[in-house]
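Everything below concerns the one structure shown next.
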Amino acid sequence: MCPGCATKDYCQLVPGLLPVLLPQGCHSLPAIMLRRLLLSVVLVTVLGTRCSLQYPSDMCNWKGSGLTHESHRKDVEQVYLRCSEGSVEWLYPTGALIVNLRPNTLTAAYKHLTVCIKPLRDSQGANIYLEKTGELKLLVRDGDNSPPRVHCFCLDQGGLFIEATPQQDISRKMTGFQYELISQRTLSDLHTVTDPCRPCTDTEVLLAVCISDFVVRGSITAVTNDVEQQESIIKVAVNKLYRQKNKIFTPNKESGGWEGHIRTPLECGVKAGMGEFLFTGRMHFGDPRLGCAPRYRDFQRIYQEAKDKGLNPCEISTD
């Protein structure tokens, strides 16, 4: 561990600097101003230090415990993760965490990634913030008992700062979330995650066919609305399976065909009805999420026009 990577107590982080900033001591400023000032000092101290850190290629998940901290200290611990998806679990949270997320391969485009986090169902004991240059934006409030909601932001908008809330009894407390890093160049990914109800453009449809986690031709046989999760669960009867990741669609022994379920926000208002569609989408936190879903006859037209112009990004059967 290089010097400066592990921070000390809030009031002992940089002894030579804090007396200048706070000549009357740590309690001479309002709490919120003090916290922002100290957070800025923490980040400058930690991120400004030239550290030689090793990042294992499989460093996707982190699990730690606040019990490793002394009870009277308010440590700020650094967590480094370099995967496209994974999870963070913080048992008995005390002090704070700074979670640094990066892709497997660092390139100049990494700052243009979209980060999505989804709190674990039983997460409690800390607030989760988006932090940039000492400014905090609350993403997940401790004690929020509503169903876990996905929060997305661009990586250049800041990082994750997790601060434990004061607890009389920290036993059985656990703050945790899943995360995913999504390339903004992947139009179908961004459509699925950030704007799922908007109809896809022709370009998005063609790209979705090439890069989606699943592509099937079929019809909607039923829609079940999950009000608690604010989602609709679409039951799809498959006429042709082009591609799928994991076992989203499986054979139905009774009908002899294939079928499966896809999720989409309740606000999109999907209903069962007549017609054949081309369903595309991606896996998002373990669930298949609907992306572009044009009527199949519209897809045939879009694909043929692009093929005639030599603009189709990949080949697919349209029989």
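The values are calculated or read from the model by the stated rules, or taken from the named source; none is laboratory data. The structure presented is a predicted model; accordingly, all values stated were derived computationally and were not measured. Please note that ligands, DNA and RNA were not included when accessible areas were found on the heavy atoms of the full protein model with its side chains. Shrake-Rupley method; radii C 1.70, N 1.55, O 1.52, S 1.80 Å.
Quick notes
- Value of relative contact order over segment 206-274, rounded to a whole percent, pairs C-alpha under 8 Å and six or more apart: 35
- Probe 1.4 Å, all protein chains present, accessible-area order of D156, D213, D308, largest first: D308, D156, D213
- Accessible surface comparison of K173, K240, K247, K63, probe 1.4 Å, protein chains only, largest first: the order is K247, K63, K240, K173.
- Amide H contacts of N61 (H built 1.01 Å from N, under 5 Å, at least 5 apart or other chain): S87
- Carbon + sulfur, % of accessible area of segment 108-159 - ligands and nucleic acids excluded, 1.4 Å: 45
- Rg/Rh, computed from the Cα trace of segment 161-319 with Rh as the Kirkwood radius, has the value 1.07.
- Shown here are the Rg and Dmax of the Cα trace of segment 242-288, at 12.3, 33 Å.
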